[in-house]
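Here the structure is laid out as structure tokens; the discussion comes afterwards.
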Amino acid sequence: MIPDPAINRGPMGILDTQLPQDTIALWWLGQAGFVLRSSSSIVYLDPFLSEHPARLIPPLFPAEVGPPADLVFCTHEHWDHLDPQTLSGLAKASPRARFVVPLPIVDQVTALDILSERVVGVQPGDELDLGEVKLFPIPALHGLKAPPAVYDFGFVEKDGQRLYRYLGYVIEMAGVRVYSAGDTLAFDGLIERLRQLEVDIALLPINGRSYFREQIDIVGNLDEREAADLAAAAGVKLLVPTHYEMFAANQGRPGALVDYARAYHPSLTCYIPAHGRRFTYKKGDLY
């Protein structure tokens, strides 16, 4: 893993990055959003690039001028993960991009005038080859609103099937497997799924949950300790905290994460991202 010494603030920093075939680069867009790229593909994860009065961190760049995407992943329908303005802008800037979302919310993407053939609905258990990218969707334990806060998998009954509304994604690029958790709590079976998929990098929320925040309709996530415990138990090589710093009412403490990991999981490596700063990872960097 190599932090880049320069901050690439504009989209050209992403386009200009040259990578070996066995290496990926990541840029944190804020909240749960990332750009991942390999030598041949550019992927967006939960991009939130529109202006909003509550944002503490401005968008890294407008979606309309963003680096052309091959794939855009959204884990669920909360607007800081599936932002209509961002998706519309990316669809125009990247006419060949495909949009990957949980199957029950495909219609929310096609409602943005994105052609249905560009939208891929997925479910846990699917294994998809998407060009140079392999995808393994897994469940996420979350909720849409509070109070009351109800944390579940968002099951939707359709055509006799029970479909998951909230997902995380394990994405393989250049041989590196990245777990983008979106919004989730820990649940039975998650550790085993991640271990089986041999995740290299976990992008995990650390904003936690709180009764008082739930009273103002903020549905929570893993906290700093839970994120470290999950990553360590799943054998993850590198933990990258997400979902903090964007909104004043919904913060996390990356320093507390590092302190806890050093005390209780000394073999776990943490990387604290900076908005817009590139870092690279090669399979086998951390063993």
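The values are calculated or read from the model by the stated rules, or taken from the named source; none is laboratory data. Being a predicted model, the structure only gives us computed values, none of them experimental. Backbone-built Cβ (ideal geometry, glycine too); neighbour counts: all protein chains shown. Remember, those area values only see protein heavy atoms, side chains included, never the ligands or the DNA or RNA. Shrake-Rupley method; radii C 1.70, N 1.55, O 1.52, S 1.80 Å.
For region 92-105, how many residues are within 23 Å of Leu15 (Cα to Cα), open to solvent by 10 Å² or more (accessible area, probe 1.4 Å) and within 19 Å of the chain's Cα centre (by Cα)? Steps first, answer last, please.
Taking region 92-105 as the starting set, the residues that turn out to be within 23 Å of Leu15 (Cα to Cα) are 92-100.
Pick out the ones that are also open to solvent by 10 Å² or more (accessible area, probe 1.4 Å) and you get 92-93, 95-96, 98.
Then drop every residue that is not within 19 Å of the chain's Cα centre (by Cα), which leaves 98.
Number of matching residues: 1.
Restricting the search to region 273-287, which residues are open to solvent by 70 Å² or more (accessible area, probe 1.4 Å) and either under 27 Å from Trp79 (Cβ atoms) or not in a strand (DSSP E or B) (or both)?
Here is the first cut: in region 273-287, the ones open to solvent by 70 Å² or more (accessible area, probe 1.4 Å) are 282-283, 287.
Selection gives Lys283, Tyr287.
Being on the phi > 0 side of the Ramachandran plot and hydrophobic (A, V, I, L, M, F, W, C) is the filter here, so list the residues in region 172-229 that pass it.
To start, the set of residues in region 172-229 that are on the phi > 0 side of the Ramachandran plot comprises 174-175, 182, 189, 198, 208, 217.
The answer is Ala174, and nothing else.
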Going through region 134-192 one residue at a time, which ones are more than 15 Å from the chain's Cα centre (by Cα) and acidic (Asp, Glu)? Asp152, Glu157, Asp159, Asp188, Glu192
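Might you let me know whether region 127-147 holds any residue that is β-branched (Val, Ile, Thr), over 22 Å from Val35 (Cα atoms) and in contact with a Leu (Cβ under 8 Å, 6 or more places away or on another chain)?
Within region 127-147, the first condition is being β-branched (Val, Ile, Thr), and the residues that meet it are 133, 138.
If we keep only those that are over 22 Å from Val35 (Cα atoms) too, we end up with none.
Checked against the condition, which is being β-branched (Val, Ile, Thr), over 22 Å from Val35 (Cα atoms) and in contact with a Leu (Cβ under 8 Å, 6 or more places away or on another chain), region 127-147 yields no hits at all.
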In region 192-206, is there at least one residue being more than 22 Å from Ala25 (Cβ to Cβ) and among the small types (Gly, Ala, Ser)? no
One residue is enough: does region 260-267 have a residue meeting the conditions touching a strand residue (DSSP E or B) at 6+ places or on another chain (Cβ under 7 Å), closer than 25 Å to Ile171 by Cα and without any contact (Cβ under 8 Å) to a residue 60 or more places away in the chain? yes
Checking the structure you have, find out if any residue of region 73-80 is assigned to a strand (DSSP E or B) and open to solvent by less than 50 Å² (accessible area, probe 1.4 Å). yes
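Condition first: in a loop (DSSP other than H, G, I, E, B), over 15 Å from the mean Cα position of the chain (by Cα) and among the aliphatic types (A, V, I, L, M). Now tell me which residues in region 33-68 satisfy that. Talk me through it step by step, then tell me what you get.
Restricting attention to region 33-68, the residues satisfying the condition of being in a loop (DSSP other than H, G, I, E, B) are 38-41, 46-62, 66-68.
From what is left, the residues that are over 15 Å from the mean Cα position of the chain (by Cα) are 38-41, 50-62, 66-68.
Matches in region 33-68: Ala54, Leu56, Ile57, Leu60.
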Within region 190-210, the residues that are under 28 Å from Ala146 (Cα atoms) and touching a residue at least 24 places away in the same chain (Cβ under 8 Å) are Leu190, Ile191, Ala202, Leu203, Leu204, Pro205, Ile206, Asn207, Gly208, Arg209
Out of the strands (runs of 3 or more DSSP E) lying entirely within region 159-272, which hold 1 or more residues that are open to solvent by 20 Å² or more (accessible area, probe 1.4 Å) and modelled with pLDDT of 95 or more? 161-163, 167-173, 176-180
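Yes/no matrix, rows are residues, columns are (1) more than 30 Å from Gln215 (Cβ to Cβ); (2) in contact (Cβ under 8 Å) with a residue 12 or more places away in the chain; (3) of a type outside the set (Asp, Glu); (4) outside any strand (DSSP E or B):
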residue	(1), (2), (3), (4)
Phe99	yes, yes, yes, no
Ile105	no, yes, yes, yes
Val109	yes, yes, yes, yes
Val120	yes, yes, yes, no
Asp129	yes, no, no, no
Leu135	yes, yes, yes, no
Lys145	no, yes, yes, yes
Val150	no, no, yes, yes
Restrict the check to region 41-59 and report whether at least one residue is aromatic (Phe, Trp, Tyr), under 22 Å from Ala249 (Cα atoms) and surrounded by fewer than 22 Cβ atoms within 10 Å (Cβ to Cβ). no
Mind listing whichever residues of region 109-127 are over 13 Å from Lys92 (Cα atoms) and among the hydrophobic types (A, V, I, L, M, F, W, C)? Val109, Ala111, Val119, Val120, Val122
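Of the residues Leu87, Leu115, Leu135, only one is of a type in the set (A, V, I, L, M, F, W, C), open to solvent by 20 Å² or more (accessible area, probe 1.4 Å) and out of contact with any Lys or Arg (no Cβ under 6 Å at 6 or more places or on another chain); which?
On the way: Leu87 fails: open to solvent by 20 Å² or more (accessible area, probe 1.4 Å); Leu135 fails: open to solvent by 20 Å² or more (accessible area, probe 1.4 Å).
Exactly one residue qualifies, and that residue is Leu115.
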Total residues in region 244-287, condition among the charged types (D, E, K, R) and within 28 Å of Ser38 (Cα to Cα): 6
